[in-house]
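*Asks:* Please read through the structure below; I'll follow up with questions.
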Amino acid sequence: LCTSCCDWLIHICQRKRELKARTVWLGHPEKCEEKHPRNSIKNQKYNVFTFIPGVLYEQFKFFLNLYFLVVSCSQFVPALKIGYLYTYWAPLGFVLAVTIMREAIDEFRRFQRDKEVNSQLYSKLTI
């Protein structure tokens, strides 16, 4: 059951979209049969749902950050416990908090720049 779900998900992620030719009718909006997406700029890396998982993935894909996470988690095992928990979790939490704040500020600035660019006036070509 799990392998079929994984295979389906991999198939969906790897499929290629077919590109079709598009006819643009200038001055005849009634001839346009298809709806097209808005022509807007979006440079954001994350959305509301993917922000925390995305930032954590970006941090823990580096070996040293993952190493410190594993060492911190090992302190929950009584046989491996060396010192106090906060001596392991406080530095890791501090690094993650600073990283999350930095990414949040960068993401908000990207949102503001995109909003500014998308709200600029433009000229419409009509015949």
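The values are calculated or read from the model by the stated rules, or taken from the named source; none is laboratory data. All figures in this text were calculated on a predicted structure; none of them were measured in a lab. Neighbour counts are summed over all protein chains in view; Cβ atoms, including those assigned to glycine, are modelled from backbone coordinates with ideal geometry. Side chains are part of the model used for accessible areas, which takes the heavy atoms of the whole protein and leaves out ligands, DNA and RNA. Shrake-Rupley method; radii C 1.70, N 1.55, O 1.52, S 1.80 Å.
*Asks:* Ignoring ligands, DNA and RNA, what accessible area per residue does segment 47-114 give at 1.4 Å, in Å²?
*Replies:* 75 Å²
*Asks:* How do the peptides 53-60, 79-86 rank, highest first, by the average count of neighbouring beta carbon atoms within 10 Å per residue?
*Replies:* 53-60, 79-86
*Asks:* Taking a 1.4 Å probe, which of Y88, Y67 shows the most accessible area, and what order do the others take after it?
*Replies:* Ranked list, largest accessible area first: Y67, Y88.
*Asks:* At a probe radius of 1.4 Å, what is the per-residue accessible area of D7, in Å² to the nearest 10?
*Replies:* For D7, the solvent-accessible surface is approximately 100 Å².
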